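Comments concern the structure below.
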Amino acid sequence: MIRKFTENDKAIYLEMAKEFYHSDAVLHPVPDSYLERTMEEALRSDAYVQLYIFESDGEDAGYAMTAKTFSQEIGGYVLWIEEVYIREAFRSKGLGREFFAYVEEQRKSGVSRIRLEVERDNTRAISLYERLGYEVLEYVQMVKDQA
């Protein structure tokens, strides 16, 4: 089951986000304060970020985070799948597919493109994304973080 994040999910979200950011799926961990800011923003408004909790047989199985931007290139809203984390014991049980089906429903509300990033060596995730119709976008992404 996929459901929207609520105030009652703070502790489990923080626990799972820390697991995610200390896994091979990311380049480096982030400070706990960033996780807390994300959580507070998701509770404040869904204008920038939405969090989702995955459950399986009544257990907390994972979470996902999406964000929305506007793109002139595509002529509409872009839904970014920022993070998808499923705990090891719950992988390959259809939760990822269930979440992506839920995300596809967002197209009905004006989303023109769904976009995500994945580590090159995360072949399991890449395989799923390709089966779901995602293609590699040949851009070099660049960032400049504020100090």
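Brief remarks on what is shown
- All distinct Cα pairs of segment 1-85 go into the 1/r average, and the inverse of that average, the Kirkwood radius, is 13.6 Å.
- Taken over the chain, lysine pairs spaced eight or more positions apart, or on distinct chains, with alpha carbons under 21 Å apart number 7.
- Across segment 55-72, computed HN-Hα scalar couplings (Karplus, 6.51 cos²θ - 1.76 cosθ + 1.60, θ = phi - 60°) run 10, 9, 6, x, 10, 6, 10, x, 8, 9, 9, 10, 9, 10, 9, 10, 10, 5 Hz from first to last residue, x flagging Gly and Pro.
- DSSP loop trypsin sites (Lys or Arg not before Pro) with at most 14 other Cβ within 10 Å excluded, longest remaining stretch of the chain: 1-90
- Overall, the chain carries a charge dipole of about 440 debye about its Cα centre when +1 sits on the Cβ of Lys and Arg and -1 on the Cβ of Asp and Glu, all other atoms neutral.
- Based on DSSP H segments of at least four residues, each scored -39500 (n - 2.57), the chain has a per-residue ellipticity at 222 nm of -9000 deg cm²/dmol.
- Taking GluC sites (Glu not before Pro) in DSSP loop states with no more than 11 other Cβ atoms inside 10 Å as exposed sites, the chain has its longest site-free stretch at 1-72.
- Here segment 48-147 yields Rg over Rh of 0.97, to two decimals, using C-alpha coordinates and the Kirkwood radius.
- Shape call, segment 2-50: gyration tensor on alpha carbons, a/c limit 1.5: prolate
- Dipole-positive endmost among LEU137, TYR77, ALA101 within segment 71-147 (Cβ charges, Cα centre): ALA101
- Other residues lying with their Cβ under 15 Å from the Cβ of SER33 contribute a combined charge of -2, Lys and Arg counting +1, Asp and Glu -1.
Read the figures in this text as sums done on the coordinates, not as results from a lab. Everything numeric in this text was worked out from a predicted model, so none of it was measured. Here the Cβ is made from the backbone with ideal geometry for all residues, glycine too, and neighbour counts use every protein chain on show.
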